[in-house]
1. Show me the strands (runs of 3 or more DSSP E) entirely contained within the range 54-139 in which 2 or more residues are in contact with a Lys or Arg (Cβ under 6 Å, 6 or more places away or on another chain).
2. Mind counting the residues in the range 48-60 that are touching a residue at least 24 places away in the same chain (Cβ under 8 Å) and out of contact with any helix residue (DSSP H, G or I) (no Cβ under 7 Å at 6 or more places or on another chain)?
3. Among residues belonging to the range 1-44 that are within 16 Å of ligand 1 (Cβ to nearest atom) and small (Gly, Ala, Ser), point out the one that is farthest from ILE61 (Cα to Cα).
4. Determine which single condition PHE140 fails, assuming it passes every other condition in (1) within 15 Å of ligand 2 (Cβ to nearest atom); (2) of a type in the set (Phe, Trp, Tyr); (3) surrounded by fewer than 17 Cβ atoms within 10 Å (Cβ to Cβ).
5. Give the number of residues within the range 195-211 that are away from ligand 1 (no atom under 13 Å from the Cβ) and not in a strand (DSSP E or B).
6. Which numbered condition in (1) away from ligand 1 (no atom under 16 Å from the Cβ); (2) in a helix (DSSP H, G or I); (3) basic (Lys, Arg); (4) loosely packed, with under 14 Cβ neighbours inside 10 Å is the only one that ARG308 fails?
7. Among the listed residues SER77, SER53, which satisfies the condition of being within 16 Å of ligand 2 (Cβ to nearest atom), of a type in the set (Ser, Thr, Tyr) and more than 25 Å from SER171 (Cβ to Cβ)?
8. Determine which single condition ASN185 fails, assuming it passes every other condition in (1) more than 16 Å from ligand 2 (Cβ to nearest atom); (2) farther than 27 Å from LYS120 by Cβ; (3) touching a residue at least 40 places away in the same chain (Cβ under 8 Å); (4) in a helix (DSSP H, G or I).
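The values are calculated or read from the model by the stated rules, or taken from the named source; none is laboratory data. Note that the coordinates shown come from a computational prediction; the quantities given were computed from them, not determined experimentally. Cβ sites come from the backbone with ideal geometry, for glycine too, and all protein chains shown count toward neighbours.
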Amino acid sequence: MARPCVLYIIIPCYNEESVLPITAPVFLRRIQEMTERGLISDDSRILFVNDGSRDETWRIISDLAEKDRHYIGISQSRNRGHQNAVLAGLMEAKDRCDITISIDCDGQDDPNAMDEMVKKYQEGCEVVYGVRSSRETDTFFKRTTAEAFYHLLSWMGVEVVFNHADYRLLSNRVLNELQNFREVNIYLRGMIPLIGFRSAQVPYERHERAAGKSHYPLSKMLGLAFDGITSLSVRPIRMIAAFGMLVSVFSFCLIVWSIVQYFVGNTVPGWASLCAIVCFVGGIQLVSLGIIGEYIGKIYLETKARPRYIISERTYEKKVSEETEAKEEL
Ligand code: UDP
Ligand code: MG
């Protein structure tokens with residue numbers, strides 16, 4: 001049987017004083033249950049990341065940490081947003097555990113899906129995405145905007161898992177690769193698929209918030225959507241270039257048309273030449289912008305200094321690990 005792995009549950013918290021006392025014991029129970037079933041080791045932890053809360057959140061986390069050794073916490077110096085809070089937790093846990101599961105602290109994501117996630121990991125998956133099986137508890141507005149956003153993202157060339165938010169299992173190996181993505185504007189949902197490795201999906205029910213209210217009003221949701229597109233896709237720039245080409249073709253037709261009109265005698269003096277010049281310059285400008293944009297896009301991608309390759313298997317490393325495993329068994 002597989003060795004029980006050390007799991008760190010990463011939980012970002014921002015002004016969650018009303019919800020933490022309700023959900024923290026739920027996560028602890030999950031750790032205990034999974035430990036009893038031999039799925040995870042007793043060294044597993046619940047790591048709260050306080051994202052610069054202005055209420056009693058940090059005090060609650062500190063109290064929890066004193067009560068039970070399974071609770072631990074870190075606090076960010078100021079509010080940095082959900083994605084950065086999750087990343088901070090993942091990087092903190094990286095060298096202490098075999099796997100992490102990130103989950104919101106508001107009880108919306110069903111923590112019972114964790115067993116299935118760990119099992120998938122034991123079957124050899126390095127990434128396990130929690131996927132909402134239904135969005136009935138979301139308002140009609142949130143559901144339609146969110147689904148439209150997934151479609152827009154994939155049309156922009158960003159690979160995302162449909163109906164997956166930030167409830168996911170990552171293996172230690174993936175965390176080590178994630179560390180090499182040095183970009184500042186992060187959108188984890190788009191970055192994790194870039195890392196690759198074997199992955200699986202686990203469906204779960206999305207519930208109502210246990211208490212408190214959402215920190216994602218429309219403005220923040222639009223901000224996240226915009227970040228997601230601009231930090232993972234240069235397609236908007238390409239669209240300018242394509243538009244430039246289109247305008248140039250259109251201008252060329254207009255130029256031909258105005259010259260024909262000139263010869264037919266349908267014009268006042270100067271009109272045809274003026275029309276031709278305006279069209280020509282307009283087209284040239286947009287195409288030039290597009291070409292410059294293409295270079296800017298390249299510079300943008302280069303500045304991220306993302307890893308150029310990630311190796312998933314090595315024949316010789318496998319042999320070494322098999323040998324050490326065999327030795328351990330002896
Ligand atoms: N969160 C955070 N920093 C922020 C906003 C939110 O760490 O600036 C956390 C929050 O405490 C929660 C998770 O991110 O655990 C998701 O936020 P929320 O439930 O408000 O969003 P929704 O589920 O409504 O999209
Ligand atoms: Mg929520």
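1. The qualifying strands (runs of 3 or more DSSP E) are 127-134.
2. Number satisfying all stated conditions: 5.
3. SER18
4. Evaluating PHE140 over (1) within 15 Å of ligand 2 (Cβ to nearest atom); (2) of a type in the set (Phe, Trp, Tyr); (3) surrounded by fewer than 17 Cβ atoms within 10 Å (Cβ to Cβ) leaves (1) as the failure.
5. 4
6. Here ARG308 clears every test but (2).
7. Among SER77, SER53, only SER53 is within 16 Å of ligand 2 (Cβ to nearest atom), of a type in the set (Ser, Thr, Tyr) and more than 25 Å from SER171 (Cβ to Cβ).
8. The number of the failed condition is (4).
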